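Here is the structure we will look at.
The values are calculated or read from the model by the stated rules, or taken from the named source; none is laboratory data. As the structure is a prediction and not an experimental result, all values here were calculated from the model. Here the Cβ positions follow ideal geometry from the backbone for every residue, glycine too, while neighbour counts run over all protein chains shown.
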Amino acid sequence: MPAKSKDQQKAAGAALSAKRGETKVSELKGASKEMYDSMSESELEDMASAKRKGKPEKKG
């Protein structure tokens with residue numbers, strides 16, 4: 001499931017970083033914290049790895 005906006009993609013990247021132990025879970029806020037709790041590492045990878053070109057900043 002690819003991200004629908006750049007902000008969603010950034011949140012997925014932050015959650016993925018926490019899942020991998022690269023950042024602290026306590027540093028997550030808002031959407032990235034929800035994604036960390038509800039999505040698997042592979043789902044986050046799919047969402048964070050999509051191309052950003054042509055995506056809106058925020059989901060409309």
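Pairing each residue of region 20-49 that is of a type in the set (Asp, Glu) and part of a loop (DSSP other than H, G, I, E, B) with any residue that is surrounded by 13 or more Cβ atoms within 10 Å (Cβ to Cβ) and at pLDDT 95 or above, provided the two are 6+ apart or on different chains, yields no C-beta distance under 8 Å. Checking each residue in region 1-19 for being touching a residue at least 40 places away in the same chain (Cβ under 8 Å) and surrounded by 13 or more Cβ atoms within 10 Å (Cβ to Cβ) picks out 2, 3, 4, 5, 6, 7, 8, 9.
Restricting the search to region 31-52, which residues are of a type in the set (S, T, N, Q) and surrounded by 11 or more Cβ atoms within 10 Å (Cβ to Cβ)? Break it down into steps so the answer makes sense when it comes.
As a first pass, look at region 31-52 and keep what is of a type in the set (S, T, N, Q): 32, 38, 40, 42, 49.
If the condition is that a residue be of a type in the set (S, T, N, Q) and surrounded by 11 or more Cβ atoms within 10 Å (Cβ to Cβ), then 32, 49 are the ones that fit.
A single entry from 40, 5 fulfils the requirement of being at pLDDT 90 or above and among the hydroxyl-bearing types (Ser, Thr, Tyr): 40.
Looking at this structure, is residue 11 out of contact with any Lys or Arg (no Cβ under 7 Å at 6 or more places or on another chain), modelled with pLDDT of 95 or more and outside any loop (DSSP other than H, G, I, E, B)? No.
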